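Working notes for the structure below.
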Amino acid sequence: MSGTAGGLLAALENSAVAAAIRESSWLYPALEIAHILGIVWLVGGAFLFDLRLLGLSRAIPAPALAQHLLPWSRRGLYLLVPSGLLLFSTNAVTLAADTVFHLKMLLLLVGGLNAGLFHRFLSPSSEAWQHTGIPVAAKAVAICSMLVWLLVIACGRLLAY
Ligand code: HEM
């Protein structure tokens, strides 16, 4: 990486915050734990809701389950993004050139877009699903969601080596 972007990445990596995380014996693992707790909330909530869309736990109406689970997914993001950015800062130059990191960010975008499309176009009619059944488009969103979050986790694990 060269030019302004390369300079910014180097500045981030050499910042006092990044240096403090690298030098501390507990900050880095603490951030990894926060990152994993974020994954549990985000992916746990998303998977359980996706499984409902695919036909499991039919006793609970989809809108009620969404109301219960999806705030936890949002809270997961509040943990994941800051902890991820801090982890990134410690090794910014190398990670920014890593194909696995690029793939992870792209997949994050796809996961966000998938969830956004669901909330914009499908969930407004979800009150009716208890009678009509879950539409095929919502099942497709659920499969996409499960696949994307699994791949994001796989990319994250590969980055940690
Ligand atoms: C802005 C968002 C994110 C950024 C910048 C980010 C960045 C990172 C970085 C730099 C690492 C490497 C840590 C290490 O070397 O131990 C990492 C690890 C990881 N990330 Fe993320 N991440 C983000 C979001 C996510 C999301 C949404 C997921 C999953 C749904 C995820 C899953 C993982 C996993 C599984 C690991 C491996 C943790 C470990 O094994 O210790 N990340 N992330």
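For residues that are within 14 Å of the ligand (Cβ to nearest atom), without any contact (Cβ under 8 Å) to a residue 24 or more places away in the chain and among the charged types (D, E, K, R), tally how many sit in segment 11-56.
0
How do the pairs read when you match residues in segment 75-100 that are farther than 19 Å from Ala46 by Cβ with residues anywhere that are of a type outside the set (Asp, Glu) and outside any helix (DSSP H, G or I), using Cβ under 8 Å and keeping only pairs 6 or more apart or on different chains?
Once the first residue is farther than 19 Å from Ala46 by Cβ and sits in segment 75-100, its partners that are of a type outside the set (Asp, Glu) and outside any helix (DSSP H, G or I) give Ser89/Ser15; Val93/Met1; Ala96/Met1; Ala97/Met1.
Somewhere in segment 99-118, is a residue over 27 Å from Leu158 (Cβ atoms) and surrounded by fewer than 18 Cβ atoms within 10 Å (Cβ to Cβ)?
yes
Taking the criterion of being assigned to a loop (DSSP other than H, G, I, E, B), surrounded by 14 or more Cβ atoms within 10 Å (Cβ to Cβ) and not charged (D, E, K, R), would at least one residue in segment 21-31 satisfy it?
There is no residue in segment 21-31 that is assigned to a loop (DSSP other than H, G, I, E, B), surrounded by 14 or more Cβ atoms within 10 Å (Cβ to Cβ) and not charged (D, E, K, R).
Scan segment 1-56 residue by residue and report those that are closer than 15 Å to Gly156 by Cβ and of a type in the set (D, E, K, R).
Glu32
Output the number of residues of segment 44-70 satisfying the condition of being charged (D, E, K, R) and outside any helix (DSSP H, G or I).
1
Read-outs: derived from the displayed coordinates by stated rules, not from any lab. Quantities reported herein were computed from a predicted structural model and do not represent experimental measurements. Ideal geometry is used to build each Cβ from the backbone, glycine not excepted, and the neighbour counts take in all protein chains shown.
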